[in-house]
Amino acid sequence: MSTAPLSLAPDPVILITAPNGARRTHADHPAIPLTSAELARCAADCLEAGASILHLHVRAADGTHLLDADTYRDAIAAIRQQVGERLVIQITTEAVGRYSPEEQRAVVQATRPEAVSIALREFIPDRSHESAAAELFADLHQQGCLIQPILYAPAEVIWLGDLLRRGLIPDGPLFPLFVLGRYADGQRSTPTDAACFIDRWQATQSRSPFPRPWSLCAFGPEESASAAAALCLGGHPRVGFENNLWRPDGSLAASPAEPLQRLAEVARLLARPLATADHVRSLLAP
């Protein structure tokens with residue numbers, strides 16, 4: 001199996017921070033941001049470390065995962081007050097076994113975010129959901145919302161290509177995230193896990209007139225190695241406490257900003273400047 005050619009071209013790298021996720025709490029790490037105020041402070045630290053996109057989860061009062069437009073708007077306002085427009089804020093529609101496709105669509109429609117991540121397997125669990133999903137994708141495209149399909153297996157890259165070919169996702173800029181591994185205790189991803197994703201994605205892009213960069217995230221102590229491999233291959237990594245709490249040496253990381261700092265240094269060595277939020281908007285907007 002071939003891999004993508006090594007790219008050392010000075011195209012800017014988009015660093016994505018995922019500081020909290022849907023599952024971990026302060027019991028897992030005291031620096032995981034849960035409230036709007038904590039998210040705003042963390043956003044400022046991650047911006048300083050080099051992030052241009054913040055992948056946002058919000059929580060209920062008891063710390064559990066929440067899809068709620070009012071809570072999203074409160075968190076977004078707090079982050080904007082702290083960092084202005086210097087981060088692209090991406091909400092999630094992650095179901096975590098609690099939310100239906102209808103509820104996922106509703107929170108996106110009510111929030112009207114600048115960017116959104118959507119797990120295809122949750123959003124379109126079967127063909128009966130295709131029409132409603134396609135309608136929302138079209139609306140988001142018209143609004144200029146950046147859609148990030150979340151792909152948990154290489155076969156889902158082929159599925160995404162099929163949705164594009166059939167017009168269920170508008171033929172425009174797209175920014176898929178390849179998930180290397182699973183949300184499971186002891187999950188350890190490796191950089192080689194990305195090869196099948198990248199090969200399949202390149203195959204779907206052969207006739208696309210639009211810039212469609214890709215990103216990835218990984219689990220466990222090799223998160224940084226996997227992210228660095230993405231940088232070498234021309235991709236854009238997502239790191240943070242959603243997927244991994246550990247340094248490469250197995251010790252506990254201090255904050256969600258720490259892995260961003262490591263990647264910023266790797267990007268410097270590869271002569272890839274860090275993208276700003278405005279660059280993300282110009283590169284990926286319809």
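The values are calculated or read from the model by the stated rules, or taken from the named source; none is laboratory data. Note that the coordinates shown come from a computational prediction; the quantities given were computed from them, not determined experimentally. Virtual Cβ from ideal backbone geometry, glycine too; neighbours counted across all protein chains shown. Calculation scope for accessible area: heavy atoms of the full protein, side chains included, ligands and nucleic acids excluded. Shrake-Rupley method; radii C 1.70, N 1.55, O 1.52, S 1.80 Å.
Restricting attention to the stretch 174-203 and to residues that are open to solvent by less than 10 Å² (accessible area, probe 1.4 Å) and part of a loop (DSSP other than H, G, I, E, B), the residue that is modelled with the lowest pLDDT turns out to be SER189. Going through the stretch 106-135 one residue at a time, which ones are under 22 Å from LEU54 (Cβ atoms), open to solvent by 20 Å² or more (accessible area, probe 1.4 Å) and not in a loop (DSSP other than H, G, I, E, B)? The answer is GLN109, ALA110, GLU122.
Report whether or not SER206 is open to solvent by 20 Å² or more (accessible area, probe 1.4 Å), of a type in the set (Ser, Thr, Tyr), free of Cβ contacts under 8 Å to residues at least 24 places away in the same chain and in a loop (DSSP other than H, G, I, E, B). Even if it seems obvious, please write down each step before you answer.
Working: open to solvent by 20 Å² or more (accessible area, probe 1.4 Å): yes; of a type in the set (Ser, Thr, Tyr): yes; free of Cβ contacts under 8 Å to residues at least 24 places away in the same chain: yes; in a loop (DSSP other than H, G, I, E, B): yes.
Considered against the rule, which asks whether it is open to solvent by 20 Å² or more (accessible area, probe 1.4 Å), of a type in the set (Ser, Thr, Tyr), free of Cβ contacts under 8 Å to residues at least 24 places away in the same chain and in a loop (DSSP other than H, G, I, E, B), SER206 comes out as yes.
The numbered conditions (1) surrounded by 19 or more Cβ atoms within 10 Å (Cβ to Cβ); (2) farther than 17 Å from PRO170 by Cβ; (3) touching a strand residue (DSSP E or B) at 6+ places or on another chain (Cβ under 8 Å) are all true for VAL96 except (1). Picking from residues in the stretch 129-143 that are modelled with pLDDT under 95 and over 29 Å from ALA194 (Cβ atoms), the one that is farthest from the chain's Cα centre (by Cα) is GLN142. Pairing residues of the stretch 125-152 that are in contact (Cβ under 8 Å) with a residue 40 or more places away in the chain with residues that are part of a strand (DSSP E or B) and aromatic (Phe, Trp, Tyr), at Cβ distances under 7 Å and at least 6 apart in sequence or on separate chains, gives LEU151/PHE178.
Tell me whether the stretch 233-248 contains one or more residues that are farther than 29 Å from HIS65 by Cβ and within 18 Å of the chain's Cα centre (by Cα).
Step one: of the stretch 233-248, the residues farther than 29 Å from HIS65 by Cβ are 233-234.
This time we only want the ones that are within 18 Å of the chain's Cα centre (by Cα), so: 233-234.
Within the stretch 233-248 (the criterion being farther than 29 Å from HIS65 by Cβ and within 18 Å of the chain's Cα centre (by Cα)), the answer is yes, since at least one residue qualifies.
The residue of the stretch 51-93 that is most open to solvent (accessible area, probe 1.4 Å), among those that are charged (D, E, K, R) and in contact (Cβ under 8 Å) with a residue 60 or more places away in the chain, is ARG86. Taking (1) hydrophobic (A, V, I, L, M, F, W, C); (2) touching a Gly at 6+ places or on another chain (Cβ under 8 Å); (3) in contact (Cβ under 8 Å) with a residue 40 or more places away in the chain in turn, VAL107 satisfies each apart from (2). Counting only helices (runs of 4 or more DSSP H) that sit wholly inside the stretch 212-286, those with at least 1 residues that are open to solvent by less than 20 Å² (accessible area, probe 1.4 Å), of a type in the set (Asp, Glu) and more than 22 Å from VAL116 (Cβ to Cβ) are 223-232.
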